[in-house]
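Novice: Got a structure here, written out as structure tokens. Questions coming.
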Amino acid sequence: MASGAVAPPPPPLTGARRGFGGRGVLLRRRLAATPMKDEPGVSANGGKEEMAADSVNVARKASLPGLSSSSSDRTTVTPTPLHPVEPSDLRFNRLRPSVEESDCKYKRYFGRYVAREAMIDEEYWIAAWLRAENHYEDQSGDRYVESFKRKYASQEFHALKKRCGKQYGEKYTCFVAVKNDDIARTVLNSVVGTLDLCVRHPLHGEKYPEEPGNSPFYSRIYQPDQPKFAYLTNVCVAKYARRQGIASNLLLLAIDAARLDGAESIYIHVHKDNLPARRLYDHIGFKMVDMDGARHSSDLCLLSFSKH
């Protein structure tokens with residue numbers, strides 16, 4: 001279920017339908033595995049309120065080598081891109097950080113989970129994979145969908161790391177929801193949800209999202225004398241973990257973090273026809289400020305959460 005603007009998927013790999021020829025069956029078997037298969041299934045129809053996906057900014061091309069991870073009773077193949085071209089330190093047999101090791105500024109406990117900032121690269125990668133899974137959720141029958149997911153996830157992983165690494169002008173944080181129990185789990189089998197938060201001052205020439213007439217051209221210099229605002233994006237939850245309050249608690253944590261970072265208003269986009277997501281956001285406290293989508297795409301609505 002998509003809850004906001006989703007960027008166009010990355011283009012199919014050049015020669016995808018020609019180059020794999022007779023190896024198609026073997027390739028599909030190799031790519032068929034998806035993350036977190038050690039959990040019991042939950043009705044996907046019942047989980048629509050907990051899955052929302054917003055705009056994903058796809059950045060430079062990159063790939064990671066194939067890796068694997070073992071759960072307690074079976075082997076799970078980690079989703080990776082097709083063509084490894086650079087070394088990586090990602091290890092999905094790595095155990096998740098304990099609560100004591102999770103020295104995070106923002107943290108929220110609920111049920112069997114804890115929502116917090118992503119700490120290690122493996123968590124960023126799984127967050128990127130969840131977004132790829134969500135983006136292609138309605139195309140599961142496509143012959144090459146698994147390779148498209150891996151390319152999408154690889155690009156999003158590197159873009160996410162780049163965004164979160166910025167030190168000036170804006171603060172970008174990736175939040176994840178992680179299983180919180182006494183079982184020794186790998187990172188691969190722990191992350192069940194993700195959300196991104198960006199807090200910044202407006203740029204020179206830029207208006208706040210809810211203000212009409214925003215010019216597409218403005219300076220890349222921030223206005224530190226203007227109030228900060230926050231934007232939420234990439235809200236998504238693993239299919240098997242939906243309807244457990246994961247999206248709601250990720251949103252509440254991000255709102256608290258935005259307030260602590262000085263944001264006076266918090267914004268999110270949602271597709272007009274995504275009624276479950278709109279009900280979720282309304283329950284959290286978001287209000288419609290652009291029903292007609294005149295300021296952005298006609299398919300989107302802008303919602304605002306104000307601390308006042």
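Novice: What distance in nm lies between label points placed 7 Å from Cα along the C-beta direction at Arg112 and Gln226?
Specialist: My value for the distance between the label points is 4.6 nm.
Novice: Rg/Rh for region 128-276 to two decimals, with Rh computed the Kirkwood way over all alpha-carbon pairs.
Specialist: Using Cα coordinates only, the ratio equals 1.00.
Novice: May I pose another question? Give me the distance between the Cα centres of region 224-271 and region 194-212, rounded to whole Å.
Specialist: With region 224-271 and region 194-212 each reduced to a Cα centre, they are spaced 13 Å.
Novice: Here's something else I'd like to know. Treating each Cα of region 190-254 as an identical point scatterer and ignoring solvent, apply the Debye formula and state log10 I(q)/I(0) at q = 0.16, 0.25, 0.28 Å⁻¹.
Specialist: These q points yield log10 I(q)/I(0) values of -0.66, -1.02, -1.20.
Novice: Right, next: Please list 224-231, 238-245 highest first by mean number of surrounding beta-carbon atoms within 10 Å per residue.
Specialist: Put in order of decreasing packing, that is 238-245, 224-231.
Novice: Which of the peptides 171-178, 186-193 is most tightly packed, and how do the rest follow, going by the mean number of other Cβ atoms within 10 Å of each residue?
Specialist: For the peptides 171-178, 186-193, the packing ranking is 186-193, 171-178.
Novice: Return an integer: the convex hull volume of the alpha-carbon atoms of region 158-230, in Å³ per residue.
Specialist: Hull volume over Cα atoms, normalised by residue count, gives 139 Å³.
Only the coordinates and a few stated rules stand behind these numbers; no lab work does. Because the structure is a prediction, the values reported are computed rather than measured. Every residue, glycine among them, receives a Cβ derived from its backbone with ideal geometry; neighbour counts consider all protein chains shown.
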